[in-house]
Structure formats: structure tokens, C-alpha cells
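Here's the structure we're looking at; comments come further down.
The values are calculated or read from the model by the stated rules, or taken from the named source; none is laboratory data. As the structure is a computational prediction, the values presented were derived from the model and not from experiment. Neighbour counts are summed over all protein chains in view; Cβ atoms, including those assigned to glycine, are modelled from backbone coordinates with ideal geometry.
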Amino acid sequence: MFFDPVPKNIESRKMKIGFLFPGQGAQSIGMGKDLYEKYEEVRNVYDKVEEWTGVDIAKITFEGKEEELNETKNTQLAILTMSLGILELLKQKGINAEALAGLSLGEYTALIHSGAITFEEGVKLVQKRGEYMQTLVPEGEWLMAAIMGMEEEQVIEVCQKVTKGFVVPANFNTTGQIVISGEKLAVEEAEIIAKEMGAKKVRILKTAGPFHTEKLSRASNRLREELEKFAIHDFKIPVIKNLDGTVYNKEDDVKDILAKHIISPVKFSKSLETMLEMGIETFIEIGPGKTLSGFVKRLKTDKDITILNINNVESFDVFWDGVKKHR
């Protein structure tokens, strides 16, 4: 496994590329601003999102307060918009992927890029998804936390030992990193138990609800109703689904899967393993942060793979310069 900001053989060997799209928690004030200011293609994406949603997501992302950006309805739209803006730059340069995967919200970015959902309808769906996940949450205080250094069975055991409320595994991110979700007191108790059982670290996440648990059943039902208004089209690029880590196929009920998506654990580690099995050699994380790149880095594999990030002007320019040199 190796890491290189300049993909030296991305063109000369026609390495198989996989795009990865981040989910909620990767946001930060100012993300994407330099891309927006430099590239007309990116500005056009932000303008379209504002036109279709009535939300000035550029202003919220670039000039707003952190508390406002961290509201689920804004976070999801902001991350999606930034990722789609970068994708537009890559499309203009003729950079394509052989497989797509996204973490939670990121799966919608993948579905839009694959052509399964149109740009406009995908944006409108994510707006509704964020609203439902923010407003249709049971009363109470909720937390999500990442547990590092434990196996899946151990984290399940941690949650089973909790006595102060509801908490379950929610995101199986990568080797040795699993996210739990639930009531605040229960998550805090799980943190203590996990450390007693040998966890290396427990980190509270920037999220605002019991995502990917049964507690979002109302949001899931409302999203299911919304999904019925939209069409699902043929996939132009394979997309790996969070639900079970396998590639969407023609028999899949995409709308049912997306409705279940927000009440089911995310199997992202399995998604990455599937990409490796498909022969993906270059993983490019597209959007804010480098979280997914870290997940790939922790995978247990003997394959030589390249991990890249495109999240600002500098990283895009370095990437493109590297491609041009080896074409």
C-alpha cells in the first residue's frame, strides 16, 4: 500500500479508479470556498443547488456559523454540493471511475454521479433527507461516537453491556473503527466500558441524532414517501451500497434500500473490501476532509494501492498536474 499526492501511473497503467464520497461529520466552515472562487464549474453547481432548494448553501458554508452548518439539513446539502462541484471538474478533465462508494450521505453523491438519480432530483432528495433526519427525531439527547481499536464483536458486546439507555453500532467504518449511536447517557457509558475493554480511543462525533438506528423510523417512512416521487435510472457506473457492502444490481429496489439506509448500520468497511475485490487500485476521496482515506489506509490488504484526496484548489491542481505529466 502506498500514498502519493501525484498519481504517477494513473494514466500510464490505466489504474482502476474508485471515487469515495464523505458523509456528515466531515464539514467545516469555509470548505470548498477556494474551489468556488477559482472555478466557474463549481460555482455553477452551487448556483443550481440554490435555485432548486431555495437555500444559499454557499453563504452558509463559507460565511455562516459552525452551529448553523452543523444542522443536519444544512450539513448534508453542503457536503453534497461541494462533492458534486469537484466531480464537475473531474468530468471536465475526463477523469472517470470504475466504482463509486459513499459513507451514508455520500451514497447519494455516488448515485447522482452514476446517473441512477438525476442531479436535480438528487439534490432535492438530500434536502428532504436532511430535514427529516433533523426534525423527525425522538425527544431526548443523542450522540454518536467512534470507537477505535476494537473488533466488531467487541463493540457489539460493549453496547449490550450498557444499562443507561439505547445504544447500538451504527457505522462499521474500517478495520478497528466502529461508530455507535444512541442516547447521550448510554453512549457515555459505552465509552467507559469500551475503554475498560481495551479500546484505544473513543471520539464524540459532530452529529445531531441517532442516525442509522431504529430511532429514525419516522424519518425513514417520510423519506420513503418522498422517494416515490422520483425516478430511478440505469447505473452508468457501479455503486456499492452501505446496506450490505455489495454492488447495486438490476433486481435491487433502490427506493426501499434508501429508505432503510437511515435506520440500518453502514457497512462501509465491507464496501471498501468490495472495491478491492473489483480491482480498484486508486482511491480518490472527493469532498471535505480525509476521513475516508484514513479508512482505506487501515484496510488489511497486500495490494499496492494509491490513496488521494481532492478537497481544495491545491489538491485538485496537484492531482491534475500529475495526470498531465503522465498522459
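The table for this structure:
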| quantity | calculated |
| --- | --- |
| Residue within the stretch 92-107 that is part of a helix (DSSP H, G or I), buried (at least 22 other Cβ atoms within 10 Å of the Cβ) and among the hydroxyl-bearing types (Ser, Thr, Tyr) present | no |
| Filter result for the condition that a residue is in contact with a Ser or Thr (Cβ under 6 Å, 6 or more places away or on another chain), assigned by TED's automatic domain parsing to the domain that holds Ile280 and closer than 21 Å to Arg43 by Cα, over Ala78, Ala101, Ala110 | Ala78 |
| Every residue from the stretch 227-253 that is crowded, with 19+ Cβ neighbours inside 10 Å and out of contact with any strand residue (DSSP E or B) (no Cβ under 6 Å at 6 or more places or on another chain) | Leu227, Phe235, Lys241, Leu243, Gly245 |
| Unmet requirement for Met133, which otherwise passes all of (1) hydrophobic (A, V, I, L, M, F, W, C); (2) closer than 23 Å to Val168 by Cα; (3) not in a helix (DSSP H, G or I) | (3) |
| Single match in Thr61, Thr53 (criterion: under 27 Å from Gly18 (Cβ atoms) and either out of contact with any Asp or Glu (no Cβ under 9 Å at 6 or more places or on another chain) or surrounded by fewer than 19 Cβ atoms within 10 Å (Cβ to Cβ) (or both)) | Thr61 |
| Matching residues in the stretch 282-316 - criterion: being without any contact (Cβ under 8 Å) to a residue 40 or more places away in the chain and in a strand (DSSP E or B) | Asn309 |
| Filter result (more than 16 Å from the chain's Cα centre (by Cα), within 26 Å of Leu272 (Cβ to Cβ) and among the polar types (S, T, N, Q)) within the stretch 208-244 | Thr213, Ser220 |
| Sole exception among (1) in contact (Cβ under 8 Å) with a residue 40 or more places away in the chain; (2) in a loop (DSSP other than H, G, I, E, B) for Ser269, by number | (2) |
| Single residue of the stretch 56-68 satisfying the filter (in contact (Cβ under 8 Å) with a residue 12 or more places away in the chain and touching a helix residue (DSSP H, G or I) at 6+ places or on another chain (Cβ under 6 Å)) that is nearest to Gln127 (Cα to Cα) | Ile57 |
| Checklist (1) touching a residue at least 12 places away in the same chain (Cβ under 8 Å); (2) surrounded by 14 or more Cβ atoms within 10 Å (Cβ to Cβ); (3) assigned by TED's automatic domain parsing to the domain that holds Thr61 applied to Gly209, failing item | (3) |
| Selected residue (only one of Gly122, Gly130 is in contact with a helix residue (DSSP H, G or I) (Cβ under 6 Å, 6 or more places away or on another chain) and either under 25 Å from Thr306 (Cα atoms) or buried (at least 22 other Cβ atoms within 10 Å of the Cβ) (or both)) | Gly130 |
| Yes/no for Ala145 being among the small types (Gly, Ala, Ser) and in contact with a Leu (Cβ under 8 Å, 6 or more places away or on another chain) | yes |
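Residues checked against (1) at pLDDT 95 or above; (2) of a type in the set (S, T, N, Q); (3) in a loop (DSSP other than H, G, I, E, B):
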{"residue": "Asp4", "(1), (2), (3)": "no, no, yes"}
{"residue": "Glu11", "(1), (2), (3)": "no, no, yes"}
{"residue": "Lys14", "(1), (2), (3)": "no, no, yes"}
{"residue": "Ile29", "(1), (2), (3)": "yes, no, yes"}
{"residue": "Glu37", "(1), (2), (3)": "yes, no, no"}
{"residue": "Val45", "(1), (2), (3)": "yes, no, no"}
{"residue": "Glu51", "(1), (2), (3)": "yes, no, no"}
{"residue": "Val55", "(1), (2), (3)": "yes, no, yes"}
